[in-house]
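Comments concern the structure below.
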Amino acid sequence: MADLVNALYGIPIVGLLFQLIGYLVTIVPQPVIAHQIVFLAVPLIFGALCGVMCERSGVVNIGIDGMMLASAFVGFVAAGLLNEAMPGEPFGPFGMTVPLLVGVLAGVVTGVLLSVLHAWLSITIRADQIISGTIINIAAGGFTGYLYRLIVIPDPRMGAGNFGTLSTPDGITSIPVVGWIIGAFLNQGPIAFSALFAVIVLQVLLFRSRWGLRTRAVGEHPKAADTVGIDVIRLRYRNVIIGGVFAGLAGAFLTLEAQGSFQLNLTHGSGFIALAAVIIGRWTPIGAFGAAILFSFATTLQVAIGLQPPPGSLGTILAAVPSQLFGALPYIVTIVVLAGFIGRSIAPAADGQPYAKEART
Amino acid sequence: MSLSADPVPAGTPAMSAPPTRGRWRGWFRGTALVPLLAVLLAFAVGSILILISSVATTGHLDPSLPFRAYGAMLEGAGITTDPDAIFSGLINTLTVAAPLVLGGLSVGIAFKAGLFNIGGFGQFIMGALGAAVTGAAVSAWPAPAAIAAALAVGSLTGAAWGFIPGALKALTGAHEVVTTIMLNTIATSVIGWLVTGPFLAPGFSFSRTGDIGNAAIPIILGRNLDAGVLLSVIAVPAIWFLLFRSTLGFQIRAVGANPSAARYAGMRPTLIIIFTMSLAGFLFGVAGSVEVLGNTHFVNASYGTTYGFDAITVALLGRTHPVGIVLAALLFGAMRAGSGLMQITTGIPVEMVDVLQAIVLLFIAANVIVRNVFRIRASAGGLAELETVTKSYSSGAVR
C-alpha cells in the first residue's frame, strides 16, 4: 500500500495532485480543521441566505456586507452596555447570558432596519438598487467607525464575552468515515446551529411551499405574478426584510459568537463573498451553503498549510508561495467562479429590476 | 440582457448639451438643484448626529457643538478669516481634491458606459505600487525621465487593474461590482506580498519600497501641493472632450444607455466596455502614482486609501459630468482636509465625512425626499445610466 502511494506521488506533475488529495484526506478530518471550516462558513451562509431571499424575489442586494458590519457593531455595543449595567449569569446551554441574547436581538433589528431602507429605496421609490446597496455599505462603514471612536475606544473593556460551543460526545467523533463531519457540525455555537437549520428550512420552503412558488414567480416574472393576484411589492418587502434578519444574524455571529470584540471593518468584504456564494450556488439555499463551505475551506487550507506543511515535493512548492497570496485565494476563487469558468448559473429573470404596476418592464 | 431594447440609443442625457442662453434656469433646476440641496440637507442631518454625539464627547447635550465642529472643518479646509490658515487650508483642500477629481472622472466615465467602478481602491493602490517601485528603480535618472517613467508604469498598472474586470464583464458577464471588490482585496494582498518580499527596501525599520530620489514630483505651492495637480487639471477637459466631442465618447454613452441598441447600430460593446474600464483604472492609476511620487514617496505593506469610495460619491454628486465632478471633488476635498482639525478640536471623529457621504448619496438616490422637503418640482434627480448597471447585474456577457 505504502509502495503504491509512493509510486503515485512520484509521477511528475500528476503526482502533485495525488499528494494534494492525500494531504487533504489527512488534514480535513482533523477536529480542529473540520470545525474551523464550518465555523468560518457561518457568516457567509447567513449572508448568502440574505442574498437568496432578496434576489429570488428580484431585488439585488450588494449592501449585505454593510448590513453585517452594522449588525455586528450594534449587537456588540448593545450586549456590552447591558453587560456593564447588569452582568448576566450564564444559564442553559452555550453559556447564554441575557446581554448576549439582547445583543443578538439588537443585531437582528439593525439588519432589519437597514433592509427596510434598502427595500424602500429599491422597491418603493425605485432608486437604483446597486447605488442603494453602496449607500448601505458606505453608511455602515462610516457609522460604525464614527461610533466606534465615540463609544468603544473610551471604554476598551467593553464586551459581553461570546457564546460557547456544544461539546461533542466522544461516541460521535469515533464513528468511522462520517463521525468527523457530524462532530464538526455539532461542535458549534447557537448561531451556527441556526444557520444550518435555516438553510434546510429555506430550501424546503422555497421549492415546496406556496410562499416559495410566489417568491420565485415574483423574481422571474413579476407582471405575470401580479396578474394572478400576487402582491409583488408586499412580497418583495417581506422577503428583503427576512433577508435582513439573516444579515443581522451573520453580524451577530461575528461579534457575539466568533469572538467577543469588534474591530473596524470587521467583515473584510465577506458580504461580497456571500454574494458570490449566491451566484455559485445558483440562487438556492443548499447551493449557497455548499459555496460558503468551499470558501471557508480555501481560507482554512491557508492556515492548515502554515501549521502542518504537507510533506514531499508538494510541501516544497507550497512553501515557496507567499502566504499573502493564500490569503487572496477565496477572492481569486470568487472571480474565477463568477467568470463562469466552472459552469454558468442563470439569475432570476427580474433580478435587479424594479416593478411598477403600470410601467413597461 | 434586457429584452426591452429601446431602439433609440438614448446616449444624450440632459447635461451633454450645454444649455443655451435663457435655459440656465431650467438647467439649474433640473440638474444642479437636487445635488446642492442634498448636500445642504446632509449637513443638517449631520448636525443632529453631532448634537447627539455631544453627550459622549462633553458629557451633556451641547447645542453649540455642531457649529463648532463644522466651523473647525471649514477652518481646516481654509475657509476662515485667518490669512495663514486660509493658505495652508486651501492647499490641503486642493491636495485632497486633486486625486478625487481623477477618481471622480474614473467612476463617472464608467457610469457613462453603464459600468460601476467600485474598484478604485485597488486601482489606486496598484498604481501607487507601480509608481513607487519604478521610482525606486530609476531614482538616479534625471528628474524628468524618472518622473515620466514612474508615472507611466504606475498609471498602466492601474489600467491593468481596471482591464481585468472590464474584460471579465465583456467576455464572461462576471459583474464588475463583485469582481472589482474582489480585486480590491487581492490588491491589498499583492502589495503585502511584494512590499515585504521582492520589493522590500533594506535599511528601514518597517517594510516599505525604496527611496524614489529624482522621481519625486516637485512641490509647487505651499507645503504639500505638488505639480501632479496639473494632471487633474488637464484630465477634466480631456475627459469632457472624449465624452462629448469624440466618436468614442458617443459610443461609450450609447453602450451605457443601451448595449443592445449600440450593437444593432454597429458598435462593439465588448471593446467599449474593456476600453472604458481600462481607462477608469488608468485614471485611478494616475491618481495613485501622483500621490506616491508627489506626496508619500513610498508604499508600505499595508498601504490603503479612502479615495476609491469617496470618488463614487464625487461622481454621483457631480452627476457624472466632468464639471460637476470638479465641484464635488472640491467639496469632499475640503471635508476630508478639514475633518482632521474637527477631530482634534471638538472630538468629533473624522468618520463624520463618511457618514455625511452616505447621507448625501441617500438624498441623491432618494431625491424624492429632497423634493418633498424643499417643495420643488425639479426634474429627474437620478441618473439614466445607472439603470444599465443594475440590469446587467446577472445577465451574462454582453456579446
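A few remarks follow.
Conditions tested, residue by residue: (1) among the hydroxyl-bearing types (S, T, Y); (2) in contact with a strand residue (DSSP E or B) (Cβ under 7 Å, 6 or more places away or on another chain); (3) closer than 14 Å to A:M68 by Cβ; (4) modelled with pLDDT of 95 or more.
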site: A:G179; (1), (2), (3), (4): no, no, no, no
site: A:R216; (1), (2), (3), (4): no, no, no, no
site: A:P222; (1), (2), (3), (4): no, no, no, no
site: A:T227; (1), (2), (3), (4): yes, no, no, no
site: A:V232; (1), (2), (3), (4): no, no, no, no
site: A:L249; (1), (2), (3), (4): no, no, yes, yes
site: A:S261; (1), (2), (3), (4): yes, no, no, no
site: A:S270; (1), (2), (3), (4): yes, no, yes, no
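Listed here are the residues, each with its yes/no results for (1) within 14 Å of another protein chain (Cβ to nearest Cβ); (2) closer than 24 Å to B:A97 by Cα; (3) under 18 Å from the mean Cα position of the chain (by Cα).
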residue: B:G130; (1), (2), (3): no, yes, no
residue: B:S155; (1), (2), (3): no, yes, yes
residue: B:A159; (1), (2), (3): no, yes, yes
residue: B:P165; (1), (2), (3): yes, no, yes
residue: B:P198; (1), (2), (3): yes, no, no
residue: B:A215; (1), (2), (3): no, yes, no
residue: B:G222; (1), (2), (3): no, yes, no
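- In segment B:171-278, counting only helices (runs of 4 or more DSSP H) that sit wholly within it, the ones holding 2 or more residues that are over 29 Å from A:D65 (Cα atoms) span B:229-245, B:247-257, B:259-264.
- The sole residue among B:G285, B:G338, B:G347 that is surrounded by 24 or more Cβ atoms within 10 Å (Cβ to Cβ), under 30 Å from B:S54 (Cα atoms) and in contact (Cβ under 8 Å) with a residue 24 or more places away in the chain is B:G338.
- Checked against the criterion of being within 14 Å of chain B (Cβ to nearest Cβ) and assigned to a helix (DSSP H, G or I), the candidates A:A127, A:A106, A:A139 yield just one match: A:A139.
- Verdict on B:G324 being in contact (Cβ under 8 Å) with a residue 40 or more places away in the chain, surrounded by 24 or more Cβ atoms within 10 Å (Cβ to Cβ) and not hydrophobic (A, V, I, L, M, F, W, C): no
- Criterion (closer than 27 Å to A:G75 by Cα, more than 11 Å from chain B (Cβ to nearest Cβ) and not polar (S, T, N, Q)) met by exactly one of A:G260, A:G315: A:G260
- Residue pairs meeting the criteria (Cβ under 8 Å; at least 6 apart or on separate chains; first within 7 Å of chain B (Cβ to nearest Cβ) and crowded, with 16+ Cβ neighbours inside 10 Å, in segment A:332-361; second at pLDDT below 80 and assigned to a loop (DSSP other than H, G, I, E, B)): A:A347/B:S395; A:Q353/A:T361
- Residue list for segment B:53-95, filter: closer than 16 Å to B:Q343 by Cα, surrounded by fewer than 21 Cβ atoms within 10 Å (Cβ to Cβ) and among the aliphatic types (A, V, I, L, M): B:V55, B:A56, B:L74
- Within segment B:159-166, one or more residues are within 13 Å of A:Y331 (Cβ to Cβ), without any contact (Cβ under 8 Å) to a residue 40 or more places away in the chain and surrounded by 20 or more Cβ atoms within 10 Å (Cβ to Cβ).
- Hey, B:T172 at pLDDT 95 or above and within 24 Å of B:K112 (Cβ to Cβ) or not: no
- Just one of the listed residues (B:M335, B:M342) is modelled with pLDDT of 90 or more and farther than 24 Å from A:G133 by Cα, and it is B:M342.
- Scanning segment A:142-160 for residues that are surrounded by 19 or more Cβ atoms within 10 Å (Cβ to Cβ) and in a loop (DSSP other than H, G, I, E, B) turns up A:M158, A:G159, A:A160.
- Residue pairs whose Cβ atoms lie under 7 Å apart, sitting 6 or more positions apart in sequence or on different chains, and linking a residue in segment B:38-54 that is closer than 11 Å to B:A69 by Cβ to a partner that is acidic (D, E), are B:S54/B:D62.
- Within segment A:288-321, tally of residues that are of a type outside the set (A, V, I, L, M, F, W, C) and over 26 Å from A:G22 (Cα atoms): 0
Table: residues versus (1) at pLDDT below 90; (2) of a type in the set (F, W, Y); (3) over 20 Å from the mean Cα position of the chain (by Cα).
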{"site": "A:T110", "(1), (2), (3)": "no, no, no"}
{"site": "A:A119", "(1), (2), (3)": "no, no, yes"}
{"site": "A:A127", "(1), (2), (3)": "yes, no, yes"}
{"site": "A:N137", "(1), (2), (3)": "no, no, no"}
{"site": "A:A140", "(1), (2), (3)": "no, no, no"}
{"site": "A:F143", "(1), (2), (3)": "no, yes, yes"}
{"site": "A:L147", "(1), (2), (3)": "no, no, yes"}
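- Flag for A:A304 being surrounded by 19 or more Cβ atoms within 10 Å (Cβ to Cβ) and either of a type in the set (S, T, Y) or within 8 Å of chain B (Cβ to nearest Cβ) (or both): no
- Residue-level check: of (1) within 9 Å of chain B (Cβ to nearest Cβ); (2) among the polar types (S, T, N, Q); (3) in contact (Cβ under 8 Å) with a residue 24 or more places away in the chain, A:Q324 misses just (3).
- Sub-8 Å Cβ pairs linking a first residue in segment B:172-185 that is more than 7 Å from chain A (Cβ to nearest Cβ) and over 16 Å from A:D351 (Cβ atoms) to a second residue that is surrounded by fewer than 24 Cβ atoms within 10 Å (Cβ to Cβ) and not β-branched (V, I, T), at least 6 apart or interchain, are B:N184/A:G269, ordered by first then second residue.
- Residues that are farther than 27 Å from A:L275 by Cβ, touching a helix residue (DSSP H, G or I) at 6+ places or on another chain (Cβ under 7 Å) and among the β-branched types (V, I, T) occur at least once in segment A:143-151.
- Some residue of segment A:39-48 being closer than 30 Å to A:A356 by Cβ and touching a residue at least 12 places away in the same chain (Cβ under 8 Å): yes
- Members of segment B:353-372 found to be more than 8 Å from chain A (Cβ to nearest Cβ) and free of Cβ contacts under 8 Å to residues at least 40 places away in the same chain, listed by number: B:N372
The values are calculated or read from the model by the stated rules, or taken from the named source; none is laboratory data. These figures come from a predicted structure and were not determined experimentally. Because the Cβ atoms are built from the backbone with ideal geometry, glycine has one as well, and the counts that use them run over all protein chains shown.
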